[in-house]
Amino acid sequence: MKVVDLVPGQVAEIPRHSAADLDADTFWRSYVVAQRPVVITGAIADWPALQRWQDTEYLAAHAGDTEVTVARTFNPVPAKAFFDRAEKLPLAASLRNMADSEPTDVYSMPAFKLPERWLADLGRYSFLPERYDRRPILFPRNRVFVYRNAGTEWHHHGIDETLTTQLRGRKRVSVFELDAQTRKEFTRIIRSNLHHVNGGAKFFPPELSIVKYETIIEAGDVVYIPPRYWHGIDPYDNEIGITFAHCFRSPAEGIRQTLRWVGNGFK
């Protein structure tokens, strides 16, 4: 199941910024406070995970006794549709099964807590010092996703900032923001899954245009996704993919924007 193209809109490239040229204050002011998505390249070149996690057997050997939820489907919204088809399995065995599967097989392990040894392979982001990297309000600070040929349905986070770090594989990321005019209609259509119906584009009012910011990310790339931005994700290859999500608290103005957003009728 590919989801990105099910929502129509004009397409533009997500801006890119090299981590070597991105200081903490610029990241905070120009992207977080301004609520602008960006792809940050070269941000995790020194993380051991970037090399070690290409080896499935290394990951399995250091998975400990972690159990994960595994389904042979993409990640739908609401999540209940996923969990109705999922089972709880040991992480190590699931990774080995994925490695031995056919190139077109579909596997998804949605957000789970990293095993301690995996966590030790991660580093810090040079552009996110501790003074900005405050504990998130709603979402876990760190979680990881493992998949093969499994995309993620369009959804958004109402609060907290997200850094999506690709550690293995490639995927297509698309994000867009809704204004007061488009929010009600687009939210209703997507949450009703009308975009999955044959010819689903006809349900989107043609006069309500959006701009979808898209890119292909590969191992080593980091995407900043502001809260309230809808995002959909499709795999871009048939390999095992691993994505690490790090969340941190929104700035005060971002929290005020969310409260206004809720107060203006978002449900």
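The values are calculated or read from the model by the stated rules, or taken from the named source; none is laboratory data. Quick caveat, the model's predicted, so the values are computed rather than measured. For neighbour counting, all protein chains shown are included, and Cβ atoms are generated from backbone atoms with ideal geometry for every residue, glycine included.
Here are some notes:
- Scanning segment 126-141 for residues that are among the aromatic types (Phe, Trp, Tyr) and under 17 Å from the mean Cα position of the chain (by Cα) yields a single hit, 139.
- Qualifying residue in segment 47-65 (condition: closer than 18 Å to residue 228 by Cα, surrounded by 18 or more Cβ atoms within 10 Å (Cβ to Cβ) and in contact (Cβ under 8 Å) with a residue 24 or more places away in the chain): no
- In this entry, residue 211 is excluded by the filter for residues that are surrounded by 15 or more Cβ atoms within 10 Å (Cβ to Cβ) and either farther than 26 Å from residue 147 by Cα or in contact (Cβ under 8 Å) with a residue 12 or more places away in the chain (or both).
- Checking each residue in segment 101-118 for being loosely packed, with under 14 Cβ neighbours inside 10 Å, over 23 Å from residue 2 (Cα atoms) and either acidic (Asp, Glu) or touching a residue at least 60 places away in the same chain (Cβ under 8 Å) (or both) picks out only 116.
- Any hit, segment 102-115, residues being under 20 Å from residue 237 (Cβ atoms) and among the acidic types (Asp, Glu): yes
- Candidates 227, 235 - the one that is crowded, with 18+ Cβ neighbours inside 10 Å, of a type outside the set (A, V, I, L, M, F, W, C) and in contact with a helix residue (DSSP H, G or I) (Cβ under 9 Å, 6 or more places away or on another chain): 227
- Flag if residue 69 is more than 21 Å from the chain's Cα centre (by Cα) and either within 18 Å of residue 241 (Cα to Cα) or surrounded by 18 or more Cβ atoms within 10 Å (Cβ to Cβ) (or both): no
- Condition met for residue 243 (in contact with a strand residue (DSSP E or B) (Cβ under 6 Å, 6 or more places away or on another chain) and within 27 Å of residue 80 (Cα to Cα)): yes
- Near pairs, Cβ below 6 angstrom, 6+ apart or cross-chain, from segment 66-83 (closer than 17 Å to residue 149 by Cα) to any residue that is small (Gly, Ala, Ser) and surrounded by 19 or more Cβ atoms within 10 Å (Cβ to Cβ): 70/94; 71/108; 74/150; 74/151; 75/108; 82/71
- From the list 121, 84, 179, the lone residue that is surrounded by fewer than 21 Cβ atoms within 10 Å (Cβ to Cβ), over 18 Å from the mean Cα position of the chain (by Cα) and at pLDDT 95 or above is 121.
- Residue 172 vs. criteria touching a residue at least 12 places away in the same chain (Cβ under 8 Å) and more than 19 Å from residue 109 (Cβ to Cβ): yes
- Residue list for segment 142-160, filter: closer than 16 Å to residue 243 by Cα and either crowded, with 18+ Cβ neighbours inside 10 Å or within 10 Å of the chain's Cα centre (by Cα) (or both): 144, 145, 146, 147, 148, 149, 150, 151, 152, 153
- Residue in segment 239-259 that is modelled with pLDDT of 90 or more and over 24 Å from residue 141 (Cα atoms) present: yes
- Identity of the residue in segment 142-161, touching a strand residue (DSSP E or B) at 6+ places or on another chain (Cβ under 6 Å) and in a loop (DSSP other than H, G, I, E, B), that ends up nearest to residue 20 (Cα to Cα): 160
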